[in-house]
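Working notes, beginning with the structure itself.
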Amino acid sequence: MAQRGPNPHSSRPRSAEVVIVGAGIMGAVVAARIRELRPHASVLMVDAGPPLGSALGHHLHDTPDEEMRSQFLARAERANQERYMSRGGADAGRDLTAVPPGMHPLAGFGHDTAQMPGASIGWNLGGMSVHWAAATPTPFGSEIPAEIDRQEWDSDLLTAQRLLHVHPAAYPSDAVGDAVLEVVQDTLEGRGAEGRHPQPMPVAMQPHSDGRLHRTGPGAVFPAIERGGDDFFELQHSTIVRRVLTEDGRATGVVVRALDSDQESVVHAPVVVICADTMRTPQLLFASGLGGPAVGRHLNEHAFLAGTILVDLQRLGVRETTPHLDGEWFTSASWLPHSDEEQPFQAQIMQTPVDGGADSPQEFAVTMAFYVPTEVRADNRIEFSAEEEDIIGMPRMTVRFGYTPKDEALIERARGEQALIAERLGRFDPSQPSTLLPAGSSLHYTGTARLGSSADGSSVCDPDGRVWGCEGVLVAGNAVVPTALVANSTLAGAVTAVRAGRAAARLLGG
C-alpha cells in the first residue's frame, strides 16, 4: 500500500482502516500518532491539492526545487500573509487541473467572502502547511479549552511540540532584537503574567547542516508523506473527498473523485479523520449530513493590525548588528505574549536592516504585527448552500463575520499600544503604516467544527475530536479549537490532532 500520488479510480472499491482527509500539518500529526500507536494500521491520506514542486510535503522554504524555493522567498519577504497571497484567484472555471497550486482567496472558488475578504485557502498538497511562517507560540490562559483536562492538555502539547520540531529560540542572539524587546518591555511597564514578557518566538524550525533554518512541513512530521517507505500508508493527492459515508451511525468510508476525472469511487474505512482546514472541514461535514447545527458556526479569527517601524540604531545605542542567516529575511523573530486581561494582545516582532540612504543613519525595519482577540460568537459563521456548488462541486459557502463593539474597542487600544512603541523606536514606514488588515488576512481561523463537553447542539465533537452521533468520524485541526486565540493557531490545532490520532488508534483497538 505504499503508493504515493493520484490513483486510477477503478470500479472495484478499495479499503483502508483509516482515511485521513487533508495532508497538511494536522493530517500529518494524526498519521504520526496513529503510526506510533498502531504500527501496522493501513492509512489512506487524501488531499485535494496538486503537488507544489517535486518534493511532496516539503516546506517551500527548504524545497530542493530551486525555482519554487526562489519564488517562495521572493513572496515571503513581503512580510505578512496578506501580501504573500496570490490575488489572481482560481479563474479556470470548473477545470480544476488548470488552477495553479498555491494560496488562493476563498472567493476564487465561487464562495461569498464579502464579510471576510481576506479568507484564503491552500490549493496544493499540504495546504497552508508548506507556506506557513512556522511560528508556534504556546497557548495560554483562556486559549486553553476548559473541556480538556489540564494535565492531558499539557502532555498533548508536549507531543505536538515534539512532532512539529518546535525550537524555543532558533534565531541567534541579535543586538537590535534585544534592544527592541527592551523598549517593548518598558512601554508595557511590567504588565503580563509570569514568564510572559517579550522574548524570542518559538518556531517550528531546526538548524540544518546547510546553515539554514529548516521549516517544518507535513513531510517532517510524518516522513512517509515525503519519502514513502511505509508499506501501510498511501498518499492520494489531486483528489476530492465528496462526502463521508455512514450506516447505522457508523462510518463506512468516503466517496472520492480525482481532479482529472468525473468518475467517483468509494474507499471503505471504519475510521475517517477530517483535517481539511477551518473552511473545508465543516463543508465536508455539511455535505455528509454530519455534525449537527454547530457545523460552520463560531468562526473566529483574531484581528490583524500590521505595521512596519523604521528604527534608528543610534537612538537605541546599537553599534554592531547581526547579519542574516542564509535564506532568512529577518535577523531574528520575537513575540510579545498575551496575558489575557492583564495584557490582551500578542505582538509578532521581526526585524531586518534597510538602507537609510547617504544622509541617514543605518536603520532596521521592524515588522510589528499585533493580534487582537475577538469574541467567539455563533453568528460569525459559514453558511452552506443545499442547492449551489462551488467550482469543486461542494456546497457553496457564504462567510458571515463581523466585529463587536468590544472587539473594535480592543483593536483601538492595540493601535494605541503599537503607536506608542513605534514612537519610542523611531517612526512608522510611510509605505507600511499601522493598518488593520481585512478580516481573514491572518489565516488563523478557528471554531467551525468546535469541540464541546456534550452533544447539546453547541459543538460538533467531543474533546477527542469524535463527531457527535457518528462512531468512527473524527475532526482535527484549527476548526476544532473552541476558544478565542490571540496567538498563532497551529500549535493549538496540533493538540487537537494529537488527541484525534490517539482516539482513532483506540477505535482500531490500539
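The values are calculated or read from the model by the stated rules, or taken from the named source; none is laboratory data. From a predicted model like this one, the values you see are computed outputs, not experimental measurements. Please note: Cβ atoms are built from the backbone with ideal geometry, for glycine as well, and neighbour counts cover all protein chains shown.
Quick check on my filter: what residues within segment 404-432 are within 24 Å of P105 (Cβ to Cβ) and at pLDDT 95 or above?
D407, I411
Only one residue in S442, S459 is under 14 Å from the mean Cα position of the chain (by Cα), buried (at least 19 other Cβ atoms within 10 Å of the Cβ) and either of a type in the set (S, T, N, Q) or assigned to a strand (DSSP E or B) (or both). Which one?
S442
Taking segment 176-199 on its own, how many of its residues are at positive phi and of a type in the set (G, A, S)?
Going through segment 176-199 one residue at a time, the tally reaches 3.
When you look at W335, is it in contact (Cβ under 8 Å) with a residue 60 or more places away in the chain, surrounded by fewer than 16 Cβ atoms within 10 Å (Cβ to Cβ) and under 23 Å from the mean Cα position of the chain (by Cα), yes or no?
no
Write out, first by first residue and then by second, each pair whose Cβ atoms fall under 8 Å of each other, whose residues are 6+ apart or on separate chains, and whose first residue, in segment 376-389, is within 24 Å of T483 (Cβ to Cβ) while the second is basic (K, R) and part of a strand (DSSP E or B).
Matching pairs, first to second residue: D379/R400; N380/R400; R381/R400; I382/R400; E383/R400; F384/R396.
Are any residues in segment 474-510 surrounded by 24 or more Cβ atoms within 10 Å (Cβ to Cβ), assigned to a helix (DSSP H, G or I) and not aliphatic (A, V, I, L, M), and if so, which ones?
Residues satisfying the conditions are N478, T490, G493, T496, R499, G501.
So, restricting to helices (runs of 4 or more DSSP H) that lie completely within segment 208-313, which ones have at least 1 residues that are within 30 Å of E408 (Cα to Cα), touching a helix residue (DSSP H, G or I) at 6+ places or on another chain (Cβ under 9 Å) and at pLDDT below 95?
Counting at least 1 such residues, we get no helices (runs of 4 or more DSSP H) at all.
Exactly one condition in (1) assigned to a loop (DSSP other than H, G, I, E, B); (2) touching a residue at least 12 places away in the same chain (Cβ under 8 Å); (3) in contact with a Ser or Thr (Cβ under 9 Å, 6 or more places away or on another chain); (4) not acidic (D, E) is false for A170; which is it?
Of the numbered conditions (1) assigned to a loop (DSSP other than H, G, I, E, B); (2) touching a residue at least 12 places away in the same chain (Cβ under 8 Å); (3) in contact with a Ser or Thr (Cβ under 9 Å, 6 or more places away or on another chain); (4) not acidic (D, E), the odd one out for A170 is (3).
Against the condition more than 23 Å from H214 (Cβ to Cβ) and either surrounded by fewer than 24 Cβ atoms within 10 Å (Cβ to Cβ) or more than 17 Å from the chain's Cα centre (by Cα) (or both), how does S54 come out, does it pass?
So S54 fails the test.
Run G217 past the list (1) out of contact with any strand residue (DSSP E or B) (no Cβ under 7 Å at 6 or more places or on another chain); (2) surrounded by 23 or more Cβ atoms within 10 Å (Cβ to Cβ); (3) over 23 Å from W329 (Cβ atoms) and report the number of the one that doesn't hold.
(3) is the only condition that G217 fails.
Quick one: which helices (runs of 4 or more DSSP H) lie wholly within segment 1-103 and hold at least 3 residues that are at pLDDT 75 or above and within 23 Å of I121 (Cβ to Cβ)?
Those helices (runs of 4 or more DSSP H) span 25-37, 66-76.
Answer with yes or no whether F364 is crowded, with 21+ Cβ neighbours inside 10 Å and modelled with pLDDT of 95 or more.
Criteria not met by F364.
Please find, within segment 158-182, the residue that is farthest from A500 (Cα to Cα) out of those that are buried (at least 20 other Cβ atoms within 10 Å of the Cβ) and of a type in the set (A, V, I, L, M).
Step by step, filter segment 158-182, then rank; the result is V176.
Whether any residue in segment 293-305 is closer than 18 Å to S459 by Cβ, surrounded by fewer than 19 Cβ atoms within 10 Å (Cβ to Cβ) and touching a residue at least 12 places away in the same chain (Cβ under 8 Å) is what I want to check.
Within segment 293-305, one or more residues are closer than 18 Å to S459 by Cβ, surrounded by fewer than 19 Cβ atoms within 10 Å (Cβ to Cβ) and touching a residue at least 12 places away in the same chain (Cβ under 8 Å).
Here are G108, G192, G177, G118: which of them is under 29 Å from F384 (Cα atoms) and touching a residue at least 24 places away in the same chain (Cβ under 8 Å)? First the steps, then the outcome.
On the way: G108 fails: touching a residue at least 24 places away in the same chain (Cβ under 8 Å); G192 fails: under 29 Å from F384 (Cα atoms); G177 fails: under 29 Å from F384 (Cα atoms).
Unique residue meeting the criteria: G118.
Please give the strands (runs of 3 or more DSSP E) falling wholly within segment 329-418 in which 3 or more residues are among the hydrophobic types (A, V, I, L, M, F, W, C) and under 30 Å from F286 (Cα atoms).
Correct list: 381-389.
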